[in-house]
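What follows draws every value from the coordinates through simple rules; no lab data is involved. If you're wondering where the values come from, they're calculated on a predicted model, not measured in any experiment. Glycine gets a Cβ as well: all are built from the backbone with ideal geometry, and neighbour counts include every protein chain shown.
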Amino acid sequence: MTVTLEEIPPKTVRDSISGLALAAAAANVVMQLARLPVGHGVANSKVDSGRVDKHPIKRTRTTLTYIAVALLGTDEERKVLRQEVNRAHRQVRSKEPVPYNAFDPELQLWVAACLYQGVEIIHDVLYGKPSPELAGELYRYGSRLGTTLQVKPDMWPADRDAFEEYWQDGLKKIEMDDVTRRYLRDLTELRFLPAPVPLLFGRHHTFVTLGFLPQQFRDELGYTWTPRDQRRFDRYTRLLGRVNGLLPAPARLFPFNLYLRDFRRRVKTNRPVV
């Protein structure tokens, strides 16, 4: 698969997927699963191969590969990835206790919107607010996070203002019950990983995850967040920005560049992608 000059993503997009974005990964999962059908679809999924609490390394590879191909890949590569994701999603559906279908385009739009919100947050943390022109460029390109799934182009909000309306309306629909809250708190505190990982890193991971979440999600999870926490988090993100500025471009793109190469190698050798 040859990448043409027209298919090279703009610098604003490449900047937004710095490897330091992984600091916000768990927060993004929380946002996606804060819609009750999505949360139940994941927490109660019988497809263990796609569960982060059962197979964290494989799940991480799959998610980062998706982001890398959606934002950095060619149209042909996105088509291949869509087919592979569809194959895996056919198994992810349920009727009880909360109906869920992984092919539901409305729910996929919410997942894509969370991914895009994360892209914006990381870009602002690492580089500051972009100009209106660059922000528009980033937003238009961000639609790929949805259209690489089942989201039709006309479903993606027309511009950034329309997206903000969609996002604010979506915040009113977030809901967790005991099942999803327990699942997401385990994820936040790393309790699904073997000892001594939660003991050594759980507290810091919880702090960073909560820092990247809007207050509505913290409230649903049942955590407190103080002005002191916010000041600490602001210092943390400033440090991320300074570290990112010292890294050469290939290092900033790691591990997304690695997963993109792995995806291309898997396609070439007919190995499973998802």
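Miscellaneous remarks
- Note on Lys129: lysines with a C-alpha under 20 Å away, same-chain residues under 8 apart excluded, are Lys11.
- Formal net charge of residues neighbouring Ala249 (Cβ-Cβ distance under 11 Å; K, R +1; D, E -1): +2
- Ordering 14-25, 197-208, 133-144, 228-239 by mean Cβ neighbour count within 10 Å, with the highest value first, yields 14-25, 133-144, 197-208, 228-239.
- Protection proxy ranking of 180-191, 149-160, by the mean of other Cβ atoms within 10 Å over each peptide's residues and highest first, is 180-191, 149-160.
- The modelled label-to-label distance between Arg265 and Gln83, using points 7 Å beyond Cα along the C-beta direction, is 2.2 nm.
- Footprinting exposure proxy for Tyr116, Tyr223 (fewest neighbouring C-beta atoms within 10 Å first): Tyr223, Tyr116
- Prolate/oblate/rounded label for the range 144-241 (Cα gyration tensor, a/c 1.5): prolate
- Taking other C-beta atoms within 10 angstrom as a stand-in for reagent exposure, Met176, Met31 fall in the order Met176, Met31, fewest first.
- Option label - P(r) over Cα pairs in 10 Å bins from 0, in percent computed here, alternatives [x] 6, 26, 32, 22, 9, 3, 1, 0; [y] 7, 26, 26, 18, 13, 7, 2, 0; [z] 6, 28, 39, 23, 4, 0: [z]
- Hits among lysines - C-alpha to C-alpha of Lys46 under 23 Å, sequence gap 8 or more where chains match: Lys54, Lys58, Lys95
- Sequence ranges 261-274, 67-80, ranked by mean other-Cβ count within 10 angstrom, highest first: 67-80, 261-274
- Backbone HN-Hα couplings from phi across the range 142-157 [Karplus 6.51/-1.76/1.60, Hz, Gly and Pro as x]: x, 4, 4, 5, x, 6, 6, 9, 9, 6, 6, x, 6, 7, 5, x
- Net length gained if the chain between Tyr166 and Ile57 were fully extended (0.36 nm per residue, minus Cα distance): 36.0 nm
- Gain upon complete extension [Leu22, Gln216; 0.36 nm per residue less C-alpha separation]: 67.7 nm
- When you restrict to C-alpha pairs under 8 Å that are six or more residues apart and normalise by the size of the chain, the relative contact order lands at 31 percent.
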